[in-house]
Amino acid sequence: MTESSRLARQIATAIRHERERQELTQQALADLVGLRQGTLAHIERGDRLPSLPMVERLLTALGRQLRVELEPLDSHLDAALDELAEEPVLKLIDELGLDRMLAALGDLPYVLTGSTAALLQGAPLPGDGVDVAVCWRDSARLTAWLEQAYAQRWNARWAEWGSLRLEPEEPGEHRWRTRYGELRARMCDELPEPVEVRHGGRTYPVEPLVRVEVTDPRAADLLRRHRQRLASAG
């Protein structure tokens, strides 16, 4: 697969996931930006790479903006996935510091999601932080916890920790470095319906993989790669 087709697929996935999350039809989104529904369908399938102005128009209509990040080469990602697949889940949980983080969160309501949920459901994905879903109504409690945990918020503009207010209501990624490790939150109106997964005598509330693939485009892409690696291995 060429790099252009890969980029088209990633953009397509992000736009489609956000449109579906907002319960908009293709026709409704197309009308908002002055496109034909068929053109949007091609974009969402990854058949064509839209221009950057068109991507910005689509994302603006969805109340989102484009952010560019660098990531390891595919070969490095594949090597990391293969290495993680050989490790026991309990060892990965320990290396992530998951139990320490959850003990620190105490009675703050949450559901594990993203790469953390995938790990606990048998799909170990690369990640250096704990992914949780938290309700907006618990935002003040989360902020108080972040203050207690000496948190610093990730500043994507300057690619550094700090200089941003901790409150989730403030603009910026919901990503913090704390005394217990890195925490990444997806703020939502209601917590996703969890399934319970048990490891090492502990039960974890996790978002089902089928929902992770809808709510977290990055994790969804890694899950596809993970399944491809398993299939290649027979």
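In a DSSP loop and with at most 16 other Cβ atoms within 10 Å, the chymotrypsin sites (Phe, Trp or Tyr not before Pro) in the stretch 154-213 are Trp158.
Note down the relative contact order for the chain as a percent, whole number, built from C-alpha pairs under 8 angstrom at least six residues apart.
Working: 313 pairs, mean separation 41.4, N = 234.
Relative contact order comes out at 18 percent.
Residues considered: Ala144, Ala30, Ala159. Largest GNM mean-square fluctuation over the chain, using C-alpha springs under 10 Å, is found at Ala159.
From most to least packed by mean Cβ count within 10 Å, the peptides 189-195, 127-133 give 127-133, 189-195. Matching the structure-derived Rg/Rh (Cα atoms, Kirkwood Rh) against the labelled list (i) 0.97; (ii) 1.07; (iii) 1.02 gives the label (i). With a ≥ b ≥ c the root eigenvalues of the C-alpha gyration tensor of the stretch 111-196, is it rounded (a/c under 1.5), prolate (a/b larger than b/c) or oblate? The shape class here is oblate.
Looking at the stretch 174-234, which trypsin sites (Lys or Arg not before Pro) are in a loop (DSSP not H, G, I, E or B) and have at most 15 other Cβ atoms within 10 Å?
Numbers: sites: Arg175, Arg177, Arg179, Arg184, Arg186, Arg198, Arg202, Arg211, Arg218, Arg224, Arg225, Arg227, Arg229; in loops: Arg179.
Here the sparse-neighbourhood loop sites are Arg179.
Bear in mind that the values in this text are calculations on the coordinates, not laboratory data. Computed from a predicted structure; not experimentally measured. Neighbour counts run over all protein chains shown; Cβ positions are idealised from the backbone, glycine included.
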